[in-house]
Amino acid sequence: MNKVVLRVDGLRKVFQRGGFLLQKGKANVAVHDMSFGLHAGKTLAIVGESGSGKSTTARLAMRLLDADAGEIYWGDTPVMRLSAGNLRQHRQRIQMVFQDPFASLNPKMKIVDTVGEGLRVHQPALSAAQRAEKVKETLQLCGLGDEALQRYPHQFSGGQRQRIGIARALIVEPEILVLDEPVSALDVSVQAQILNLLKDLQQKKGLAYLFISHDLSVVQHIADDVLVMFAGHVVESGSVGDVFSAPKHPYTQSLLDARPINHPNERKTALEIKADEGVAEDGCVFALRCPFVQADCASFDMQQTHGCACLHPLSQG
Amino acid sequence: MNWLKQNPLMLTGAAIVALVSFIAIFAPWLAPYDPNHIVIRDMLLPPSPAHWCGTDTLGRDVFSRLLYGARISLLVGFVAVGIALVIGTILGAIAGYNSGLWDNVIMRWTDMVLCFPTFFLILAVIAFLEPSIWNIMIIIGLTSWMGVSRLVRAEFLSLREREFVLAARSIGTPPLRLIWSYLLPNALGPLIVSAVLGIAGAVLIESGLSFLGLGVQPPTASWGNMLTEGKDNIQIAWWLSVYPGLAILITVLGYNLLGEGLRDIFDPRLER
């Protein structure tokens, strides 16, 4: 078995809304007791609808946000309580590619400086010329030419910008890449190019990917394992093959049913879930929307058994 | 360059600003007379080809004094706004970058300073200090940074959550570099607008103080103290009040038009 490069244990994040002076506002649990491990060279996908906590999980794992409870390990190093200075030293092990290629590059900085930023921080001994050379190599790896170096972000297309974003993350030679919906802002044809680039890079460098997405077709294409999130809880987890062919949780089934069909003559038999019913306060968080809800669901504690957090999992076959 | 054509008012403002700056820089070469040369024989002459804007109670050429007055006004405007920009940017950057305690401390302090009526605060301070052009500049600067600090804080708060800043943070860019290379350059547009508008405000304050005799002291020519002199003779020599008044009006108008035009350009809602 490959070694675990990223491990998350009992992670919890609560956002406080409103509140004034000493009075506390309404608590909003974005991530609820999350645990997973990511192996070197593998891709773990986190899927779920908007607001299910996938991006928050990514930012917690990056320590761009501070979790309220739990522990995060980059390799063997627990990073939750590292000081700002120590944390900076370790940051080159885990890097992130962002969703919006138009917002993720500093508009006032040349590409050579944007991509070279990681070297400036982690290899301060390099001269500007050495840095530019390394930037050039990394851009080439990501499919961009030398002419990109002296340009500004607005001179590039969305796909090219995403390549720049990938180069910026790769230049410090991380072990883990957190990809927060890296292709959802791109055209379908460009999506394929970027996904293939990511796959190539993974093979060449043995990178581990934490892949956040709401697009199940993309996940099926790139991921090895998958976590399905709903309202801050992991409701189902397992290998992509198992989860996609035989989903156990009704929510997973409904996500799979929501995929567009491939041919107009195909008919789909979608599971009827109640949309926009919100999240239950007690018991199973999915109870309000679940078609199979039963009386005991109201006291369910969301514990997973066999990779599924449901009292009445879908029957197999 | 398209925006210039689309906004003729801004073009007017820019032209006025350029003209006044030109006059301020080249006053010694443009002025037909020494602004402080007293010729009692020629006192209170009305405008004529020899004295375009007439002469004052001491026979000094009003036109030459106006040209030199532009120097004072702009110098005060630029230096005061420079001081306000430095203080406001530093405080705003600290508040906007570190939300929490420092943000609260700095912004409440800003609110407090905003509560003082600026002009009277300046009058009170001047009462203790010797009124000189340097004191004026420093005091105007020290009392007009609040707008800048609020602006910088607001810009930083929104920029801080942008993905390119998160990307830099996740790479480990140290805070000072983050502020200097990522946040500040992207907050520059609104900052320039507020600086340009601030110059107009500073010019007005300086004129007001000099008019009250608490600003630039005679015999140094300033538009404000020229107005004071004009006020005493307004029934017999209108040119002593009208020309300095017009100079203040046009200069302030020019900076305001330019500032408003720049604001339209930098307004993110109008982008693309």
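The values are calculated or read from the model by the stated rules, or taken from the named source; none is laboratory data. All figures in this text were calculated on a predicted structure; none of them were measured in a lab. In this analysis, Cβ positions are derived from the backbone assuming ideal geometry, glycine residues included, and neighbour counts consider all displayed protein chains.
Brief remarks on what is shown
- Residues of the range B:144-174 satisfying the condition of being surrounded by fewer than 20 Cβ atoms within 10 Å (Cβ to Cβ) and more than 13 Å from chain A (Cβ to nearest Cβ): B:GLY147, B:LEU151, B:ALA154, B:LEU157
- Any chance A:VAL112 is within 11 Å of chain B (Cβ to nearest Cβ) and either of a type in the set (S, T, N, Q) or not in a loop (DSSP other than H, G, I, E, B) (or both): no
- Exclusive hit being aliphatic (A, V, I, L, M), out of contact with any helix residue (DSSP H, G or I) (no Cβ under 7 Å at 6 or more places or on another chain) and surrounded by 14 or more Cβ atoms within 10 Å (Cβ to Cβ), set B:ILE138, B:ILE133, B:ILE94, B:ILE90: B:ILE90
- Residue check, A:ALA45 under 19 Å from A:MET229 (Cβ atoms) and either over 19 Å from the mean Cα position of the chain (by Cα) or part of a loop (DSSP other than H, G, I, E, B) (or both): no
- Options A:ARG81, A:ARG91; residue that is of a type in the set (Lys, Arg) and modelled with pLDDT of 90 or more: A:ARG91
- Qualifying positions in the range A:255-306 - among the polar types (S, T, N, Q) and closer than 15 Å to A:HIS233 by Cα: A:GLN303, A:GLN304, A:THR305
- Some residue of the range A:86-101 being part of a loop (DSSP other than H, G, I, E, B) and either within 25 Å of A:MET302 (Cβ to Cβ) or away from chain B (no Cβ under 11 Å) (or both): no
- Some residue of the range A:66-74 being within 7 Å of chain B (Cβ to nearest Cβ), under 29 Å from B:PRO185 (Cβ atoms) and either out of contact with any strand residue (DSSP E or B) (no Cβ under 8 Å at 6 or more places or on another chain) or surrounded by fewer than 21 Cβ atoms within 10 Å (Cβ to Cβ) (or both): no
- Test: A:THR77 is hydroxyl-bearing (Ser, Thr, Tyr), surrounded by fewer than 17 Cβ atoms within 10 Å (Cβ to Cβ) and at negative phi: yes
- For the range B:113-127, the count of residues that are touching a residue at least 12 places away in the same chain (Cβ under 8 Å), touching a Lys or Arg at 6+ places or on another chain (Cβ under 9 Å), of a type outside the set (Ser, Thr, Tyr) and more than 14 Å from chain A (Cβ to nearest Cβ) is at least one.
Each row is one residue, and each column tells you yes or no for (1) touching a residue at least 60 places away in the same chain (Cβ under 8 Å); (2) within 14 Å of another protein chain (Cβ to nearest Cβ); (3) farther than 30 Å from B:ARG71 by Cβ; (4) part of a helix (DSSP H, G or I).
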| site | (1), (2), (3), (4) |
| --- | --- |
| B:LEU188 | no, yes, no, yes |
| B:ILE192 | yes, yes, no, yes |
| B:ALA195 | yes, no, no, yes |
| B:GLY201 | no, no, no, yes |
| B:GLY215 | yes, no, no, no |
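- Residues satisfying the stated conditions in the range B:50-67, i.e. of a type in the set (Ser, Thr, Tyr) and either at pLDDT below 90 or surrounded by fewer than 21 Cβ atoms within 10 Å (Cβ to Cβ) (or both): B:THR55, B:THR57
- Residue in the range A:153-171 that is more than 17 Å from A:SER104 (Cβ to Cβ) and either within 15 Å of the chain's Cα centre (by Cα) or not hydroxyl-bearing (Ser, Thr, Tyr) (or both) present: no
- Filtering the range A:141-173 to residues that are under 20 Å from A:ILE194 (Cβ atoms), outside any helix (DSSP H, G or I) and more than 14 Å from every other protein chain (Cβ to nearest Cβ) leaves A:CYS142, A:GLY143, A:LEU144, A:GLY145, A:ARG151, A:SER157.
- Top-ranked residue of the range A:174-195 - restricted to ones that are among the β-branched types (Val, Ile, Thr) and either in a helix (DSSP H, G or I) or over 14 Å from the mean Cα position of the chain (by Cα) (or both), ranked as farthest from A:ALA40 (Cα to Cα): A:VAL188
- Enumeration of residues in the range A:106-118 that are hydrophobic (A, V, I, L, M, F, W, C) and within 13 Å of B:ARG177 (Cβ to Cβ): A:MET109
- Restricting A:SER213, A:SER189 to residues that are surrounded by fewer than 18 Cβ atoms within 10 Å (Cβ to Cβ) and at negative phi narrows the list to A:SER189.
- Scan of the range B:174-186 for residues that are touching a Lys or Arg at 6+ places or on another chain (Cβ under 8 Å) and not in a helix (DSSP H, G or I), ordered by number: B:PRO174
- In the range A:115-140, the residues that are assigned to a helix (DSSP H, G or I), of a type in the set (A, V, I, L, M) and either within 22 Å of the chain's Cα centre (by Cα) or more than 8 Å from chain B (Cβ to nearest Cβ) (or both): A:VAL115, A:LEU119, A:ALA128, A:ALA129, A:ALA132, A:VAL135, A:LEU139
- Among the residues making up the range A:196-210, those that are surrounded by fewer than 17 Cβ atoms within 10 Å (Cβ to Cβ) and assigned to a helix (DSSP H, G or I) are A:ASN196, A:LYS199, A:ASP200, A:GLN203, A:LYS204, A:LYS205.
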